[in-house]
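S.K.: Let me give you the structure first, and then I'll get to my questions.
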2 protein chains.
Amino acid sequence: MSNPKKPLILVSNDDGIYSNGIKALTEVAAEFGDVIIVAPDRQQSAVGHAITIETPLRAQKIKISDEFQGFAINGTPADCVKLAHDQLLDIKPDLVLSGINHGSNAGINILYSGTVSAATEGTVLGYSSIAVSCTDYDNEADLTGCQDAARRVITLVLDKGLPKGVTMNVNAPSGPIKGIKWARMADSRYVEEYEGRKDPFNRPYYWLTGKFELLDDGNDSDIHILNEGYAAVTPIQYDLTDYDLLRKLGEEDF
Amino acid sequence: MSNPKKPLILVSNDDGIYSNGIKALTEVAAEFGDVIIVAPDRQQSAVGHAITIETPLRAQKIKISDEFQGFAINGTPADCVKLAHDQLLDIKPDLVLSGINHGSNAGINILYSGTVSAATEGTVLGYSSIAVSCTDYDNEADLTGCQDAARRVITLVLDKGLPKGVTMNVNAPSGPIKGIKWARMADSRYVEEYEGRKDPFNRPYYWLTGKFELLDDGNDSDIHILNEGYAAVTPIQYDLTDYDLLRKLGEEDF
């Protein structure tokens, strides 16, 4: 109890402010501190780290329940965290949470994830940040295991902090979990990605479908750990430099 | 001349298929092989690694010039590379190029960049991939230095290949460059990001503006090297795992 002040926790997501996932994460956040929700006003899946530059943003004050208030933003998850930081919050948060996403953000999904990007944006802005996702896409999925994992990681992060530049990416299956394990991002990709169709005027168009392909047989990858029924926690960094390769390349000038 | 077959080079970008930047990069690409252009049908800056999942994609065949043909896609840069790979190309490319972006993709800009994401998507799909950007936002900027840097990196990559999971991120100032240097991604962020206004009905809205802030005083960062008049080349990875931290954390179980 070194800090008697309740922490302020900013919660965002990419499924939109009315999703079940953000409700579940908000409930957990409220066990730790005061909560403010700033989230997209609609579904924003797969937007990655997109930000809105060509149109202005609006922030609509929303009463989510008797306990929780928030702002619905006509933008991306990264927009929400930026706008909360720069304009909407009088007090800076102690923690940024994003999720609980309805769908896995393990393996290559991390790249496309709006949920992870909201947390990463929090990290860029200097906040301890955690993304939480459920491998189950169903909006009605049982998120209790995800909540347990989130609770554990939030405790750890509030207690010990996070190194500069690091975001915690938490994934868990639906339902109860067997436990929580540290994990690395699995090598993976999507194959057979598009289904080509013809419109009534015989012009082609393409739907993204895509089969997820695991290219990784390590037992320490996030996807392996999830498949075993555990929550997987991966520390991710936004400095994308490949330092090992850079050192090697740097031995020769251009 | 170990391979007498001309390489096939896929060119994309985020400023759209009619930008000057993609024209400049296509000219360079044509010095090395056959070129196919698959790029967004309009400006897609700052979309990050967004992909289109809720609407179908269209691919419109376009004659760019007497020499070059391509497809204009109603999607993001990452969509373009995915669709080219999965549906549009009969022969798989030997190289994926993205750019030349009108605007820097050094430092934290990498996270938001559609240009870099197109190249990263190429890497995910298994292709050697290079992103090229000019620090000058002007569509009429002199891209000859960027072209020189691109030429040099393309030669290197076609000759030696790239390690799995690595994308080359090339930035250069406009006009002639002093040379080319290896670089790491500079620690940086945006501050004072939004300008709040009131609409005619007295309701607030927010424009993203943002001042770029360099937090990095190293002389090996991309931004430092660019400021000195050199092109900066950074090997970036899409595996975001912080392995050093993971090893340390893994010493204790959850």
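S.K.: So, in the range A:4-13, exactly how many residues are crowded, with 24+ Cβ neighbours inside 10 Å and modelled with pLDDT under 95?
M.R.: So the answer is 0.
S.K.: If you scan the range A:11-24, which residues turn out to be under 21 Å from residue A:123 (Cβ atoms) and either aliphatic (A, V, I, L, M) or in a helix (DSSP H, G or I) (or both)?
M.R.: First, pick out the residues of the range A:11-24 that are under 21 Å from residue A:123 (Cβ atoms): A:11-15, A:21-22.
The answer is A:11, A:21, A:22.
S.K.: Of all residues being under 15 Å from residue B:234 (Cβ atoms) and surrounded by fewer than 24 Cβ atoms within 10 Å (Cβ to Cβ) in the range B:136-154, which is farthest from the other protein chains (Cβ to nearest Cβ)? Just the residue, please.
M.R.: Filtering first and then ranking leaves B:153.
S.K.: Another question about this same structure. Considering each residue of the range B:4-57, count those that are of a type in the set (Ser, Thr, Tyr) and within 14 Å of chain A (Cβ to nearest Cβ), and give that number. Step through it out loud before you land on a result.
M.R.: Pass one, the range B:4-57, residues of a type in the set (Ser, Thr, Tyr): B:12, B:18-19, B:26, B:45, B:52, B:55.
Subset that is within 14 Å of chain A (Cβ to nearest Cβ): B:45, B:52, B:55.
Number of matching residues: 3.
S.K.: Taking into account only those residues within the range A:192-213 that are among the acidic types (Asp, Glu) and in a loop (DSSP other than H, G, I, E, B), which is nearest to the other protein chains (Cβ to nearest Cβ)? Write out each step before concluding.
M.R.: Of all residues in the range A:192-213, those among the acidic types (Asp, Glu) come to A:192-193, A:195, A:199, A:213.
Checking the rest, the ones that are also in a loop (DSSP other than H, G, I, E, B) come to A:192-193, A:199.
Details: A:192: 7, A:193: 5, A:199: 9 Å.
Top of the filtered list is A:193.
S.K.: Among the residues of the range B:136-144, is there at least one that is part of a helix (DSSP H, G or I) and farther than 30 Å from residue A:122 by Cα? Break it down into steps so the answer makes sense when it comes.
M.R.: The first filter runs over the range B:136-144 and keeps only residues part of a helix (DSSP H, G or I), leaving B:144.
Retained after the next criterion (residues that are farther than 30 Å from residue A:122 by Cα): B:144.
Checking the range B:136-144: at least one residue is part of a helix (DSSP H, G or I) and farther than 30 Å from residue A:122 by Cα.
S.K.: Considering only residues that are of a type outside the set (D, E, K, R) and outside any helix (DSSP H, G or I), which ones fall in the range A:30-42? Steps first, answer last, please.
M.R.: Step one: of the range A:30-42, the residues of a type outside the set (D, E, K, R) are A:30, A:32-33, A:35-40.
Passing the criteria: A:32, A:33, A:35, A:36, A:37, A:38, A:39, A:40.
S.K.: What number of residues within the range B:170-186 satisfy the criterion of being more than 12 Å from chain A (Cβ to nearest Cβ) and surrounded by fewer than 20 Cβ atoms within 10 Å (Cβ to Cβ)?
M.R.: Number of matching residues: 3.
S.K.: Limited to the range A:222-238, what total is found for residues that are more than 7 Å from chain B (Cβ to nearest Cβ) and touching a strand residue (DSSP E or B) at 6+ places or on another chain (Cβ under 6 Å)?
M.R.: If we filter the range A:222-238 for residues that are more than 7 Å from chain B (Cβ to nearest Cβ), which is where we start, we get A:222-233.
Those still in the list that are touching a strand residue (DSSP E or B) at 6+ places or on another chain (Cβ under 6 Å) too: A:222-223, A:225-226, A:230-233.
Within the range A:222-238, residues that are more than 7 Å from chain B (Cβ to nearest Cβ) and touching a strand residue (DSSP E or B) at 6+ places or on another chain (Cβ under 6 Å) number 8.
S.K.: Of the conditions (1) over 16 Å from the mean Cα position of the chain (by Cα); (2) part of a loop (DSSP other than H, G, I, E, B); (3) over 20 Å from residue B:194 (Cβ atoms), residue A:27 clears all except one; give me its number.
M.R.: (2)
S.K.: Continuing with the same structure: Quick one: is residue A:189 under 26 Å from residue B:125 (Cβ atoms), facing another protein chain (nearest Cβ under 7 Å), basic (Lys, Arg) and not in a helix (DSSP H, G or I)? Quick ask: steps written out before the conclusion?
M.R.: Working: under 26 Å from residue B:125 (Cβ atoms): yes; facing another protein chain (nearest Cβ under 7 Å): yes; basic (Lys, Arg): yes; not in a helix (DSSP H, G or I): yes.
So residue A:189 passes the test.
S.K.: Within the range B:29-47, restricting attention to residues that are touching a residue at least 60 places away in the same chain (Cβ under 8 Å) and under 21 Å from residue B:155 (Cβ atoms), which residue is surrounded by the fewest Cβ atoms within 10 Å (Cβ to Cβ)?
M.R.: So the residue we want is B:31.
S.K.: How many residues does the range B:145-173 hold that are assigned to a helix (DSSP H, G or I) and of a type in the set (S, T, N, Q)?
M.R.: Within the range B:145-173, the first condition is being assigned to a helix (DSSP H, G or I), and the residues that meet it are B:145-160.
From what is left, the residues that are of a type in the set (S, T, N, Q) are B:147, B:155.
Here the count works out to 2.
S.K.: Could I ask something else about it? Looking at the range A:85-99, I want the residues that are without any contact (Cβ under 8 Å) to a residue 12 or more places away in the chain and have a partner that is assigned to a loop (DSSP other than H, G, I, E, B) and surrounded by fewer than 23 Cβ atoms within 10 Å (Cβ to Cβ) with Cβ atoms under 6 Å, at least 6 apart or on another chain. Which pairs are those?
M.R.: Note: pairs meeting the criteria are A:86/B:193.
For every residue, the table says whether it meets (1) under 14 Å from the mean Cα position of the chain (by Cα); (2) farther than 18 Å from residue B:231 by Cβ; (3) crowded, with 20+ Cβ neighbours inside 10 Å.
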position: B:132; (1), (2), (3): yes, no, yes
position: B:163; (1), (2), (3): no, yes, no
position: B:168; (1), (2), (3): yes, no, yes
position: B:208; (1), (2), (3): no, yes, yes
position: B:213; (1), (2), (3): no, yes, no
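The values are calculated or read from the model by the stated rules, or taken from the named source; none is laboratory data. Keep in mind that this is a model prediction, so the values were computed, not measured. When we count neighbours, we look across all protein chains shown, and the Cβ atoms used for this are built from the backbone with ideal geometry, even at glycine.
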